[in-house]
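**Q** Here you go, one structure.
The values are calculated or read from the model by the stated rules, or taken from the named source; none is laboratory data. In this text the structure is predicted, and so the values were computed from the model without any measurement. Because the Cβ atoms are built from the backbone with ideal geometry, glycine has one as well, and the counts that use them run over all protein chains shown.
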Amino acid sequence: MERSVNKILRALFSFFLGVSLLAPALAGAAAAPKSAEEVWKELEKLPPAERQKRLIEGAKSEKEMLWYTNTGIDNANNYIRAFKKAYPFVNAKVWRAKSRTISDRFLTEARAGVYLADVVKNSTNLLPPLFEQKLIGRYESPIRASYPAHAKGELWTNLNYEFRVFAFNDRMISRQEAPKSWEELLDLKWKGKILFDESSQEEVVTWLAMKGKEKTIAYFKKLSENLLIRRGRDTIANLLAAGEAPLAVTVYPYNMETMRAQKAPVDWVAPDMIPGLLYPLTMVRYAPHPYSAALFYDFLLSDAGQKMIASEGRIAADPKIEPIFPKMKELKQLLGTARVHINTAEEAPQFYNDSLKILDEAVLGRKR
C-alpha cells in the first residue's frame, strides 16, 4: 500500500514539475492567433520586399520560435545557430527526439489544446495522423517555386533526400562478401550478425510498396532471426566500426562516407531495393509564433540552409546544390528510377498502419 502511495506521489510531482516548466511556453501559446494560416495567407498578397519587412516586424514582436525535429542534435543546433545569426532578434529553440516520440508528443499536446511547436520536421510515414487531425498548416514559401514537384506537397517541403543502404565492416568482410540484395540477408551465416535500428519503418514501407503485404510479413519474420536490434543510426554506425557485427542494413550512406573520410573501417553498397526518404518540413497550423516560423522555414529552404545540409554529406532538396561525396552523387542519379522507392507524404497513409504493425510484431516482437 505504501509503495503504491509513493508511486502516485512521484507521478503527481512529475506532472506538476512538467507543468511549471512549460508554463511560460503555454502562456505564449495561449496568446497565439486562432490560426497561423491566416497570417501566412496574408503574406502571399504582398510584394517580396514588403513581405520580408512584415515577417521581420512580426518576428521581432514574437521574439521566439520552437522547432520539433528528428534531425541529429548537433546538426539541428548548427541550423539554429545560423538562423539566429541571420535573425538575432528571434530566440530560436529546438527540441529533438526520435520520430515516433515527436509524433506522440505533438498529438498529445494537440489533444490538450496546447501548441508549443511552430515548425515540425518528422519522418514522412509519421505525418498521416498530423494531417488527419488538421494540425499542419499551409504555408506557401516563395522559395518553393524553384523546387521540383516531387520535393513538395500542399503542406510540406522536402529539406533533403536520404537513402538506406547496406553497410559492412571491411576488416571483417570484403565488398565481394557483403550482401547486395535483401534476399541475401536471409542466409543463416548472418544469424545474429546484422545490426538493425528499431525505428526502421521506411524499410518496411519500401517492401510493402514494391512487394505487397503478404511477402513483406513473411520476409521480415525471417529476417528478424538474423538481426541485432539496436536504437539509433549513429549508435549502429559506431557499433559497426567497432566490430560488434559485420553488417548493418538500416544506415545512411552520408554517415558511412563521413566515417570513411575519418579512416573508420566501414563501407557500403546500395541494395537492389533502396528505401528513399524525404525529410518534409511542415508548419504547425496553430503555431504560436507564425512570423518567426515562416522566417525559419524560408531559411532552411534557402541557399544558405541547403548548403549547410549538403556540407554534411547529404543530398539537398534544392536540385542545383550537389552532394560533397562522389558516391552520393551516384545515388542522387538513382532518384526517379524503379530501384528507389520514395515514400511521399501523400502515399504514406496507405502504408502507415501496416508498416508499424509489421515492424512492431514481426521484427521487434511487440504486440500492438
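**Q** Exactly one condition in (1) touching a residue at least 60 places away in the same chain (Cβ under 8 Å); (2) in a helix (DSSP H, G or I); (3) not small (Gly, Ala, Ser) is not met by Leu159; state its number.
**A** So Leu159 meets the others, but not (2).
**Q** Okay, next question. Return the pairs, sorted by first residue and then second, in which the second residue is surrounded by fewer than 16 Cβ atoms within 10 Å (Cβ to Cβ) and not in a helix (DSSP H, G or I), the first residue lies in the range 76-88 and is of a type in the set (A, V, I, L, M, F, W, C), the beta carbons are less than 8 Å apart, and the residues are 6+ apart or on different chains.
**A** Note: pairs meeting the criteria are Ile80/Lys93.
**Q** Quick one: which of Asp234, Asp298, Asp303 is within 21 Å of the chain's Cα centre (by Cα), at negative phi and at pLDDT below 95?
**A** None of the other options fit; the residue is Asp234.
**Q** Can you tell me which residues in the range 172-215 are crowded, with 18+ Cβ neighbours inside 10 Å and more than 27 Å from the chain's Cα centre (by Cα)?
**A** Ala178, Trp190
**Q** If you don't mind, there's one more thing I want to ask. Please state which one of Glu225, Glu183 is out of contact with any His (no Cβ under 7 Å at 6 or more places or on another chain) and within 15 Å of Leu364 (Cβ to Cβ).
**A** Glu225
**Q** Still on this structure, I have one more. Of everything in the range 251-292 that's among the hydroxyl-bearing types (Ser, Thr, Tyr), under 19 Å from Asn122 (Cβ atoms) and in contact with a strand residue (DSSP E or B) (Cβ under 6 Å, 6 or more places away or on another chain), which residue is surrounded by the most Cβ atoms within 10 Å (Cβ to Cβ)?
**A** Selected residue: Thr282.
**Q** What number of residues in the range 308-357 are over 29 Å from Ser103 (Cβ atoms) and acidic (Asp, Glu)?
**A** So the answer is 2.
**Q** Another question about this same structure. Only one residue in Ala264, Ala345, Ala287 is at pLDDT 95 or above, assigned to a loop (DSSP other than H, G, I, E, B) and not assigned by TED's automatic domain parsing to the domain that holds Lys41, so which one is that?
**A** Sole residue among the options that is at pLDDT 95 or above, assigned to a loop (DSSP other than H, G, I, E, B) and not assigned by TED's automatic domain parsing to the domain that holds Lys41: Ala264.
**Q** For a quick check of your reading of the model, give me the residue pairs whose first member lies in the range 251-270 and is farther than 24 Å from Ser199 by Cα, whose second is of a type in the set (Asp, Glu), with beta-carbon atoms closer than 6 Å and at least 6 apart or on different chains.
**A** From the range 251-270, the pairs are Pro265/Asp170.
**Q** A follow-up question, please. If I ask for residues that are in contact (Cβ under 8 Å) with a residue 40 or more places away in the chain and either on the phi > 0 side of the Ramachandran plot or basic (Lys, Arg) (or both), which ones from the range 221-230 would you list?
**A** Matches in the range 221-230: Lys221 only.
**Q** Suppose we filter Pro280, Pro319, Pro271 for residues that are in a loop (DSSP other than H, G, I, E, B) and within 20 Å of Pro142 (Cβ to Cβ); which single one remains?
**A** It is Pro319.
**Q** Going by what's in this entry, would Thr337 be described as hydroxyl-bearing (Ser, Thr, Tyr), in the same structural domain as Glu177 (by TED's automatic domain parsing), under 19 Å from the mean Cα position of the chain (by Cα) and in a loop (DSSP other than H, G, I, E, B)?
**A** Spelling it out, it is not the case that Thr337 is hydroxyl-bearing (Ser, Thr, Tyr), in the same structural domain as Glu177 (by TED's automatic domain parsing), under 19 Å from the mean Cα position of the chain (by Cα) and in a loop (DSSP other than H, G, I, E, B).
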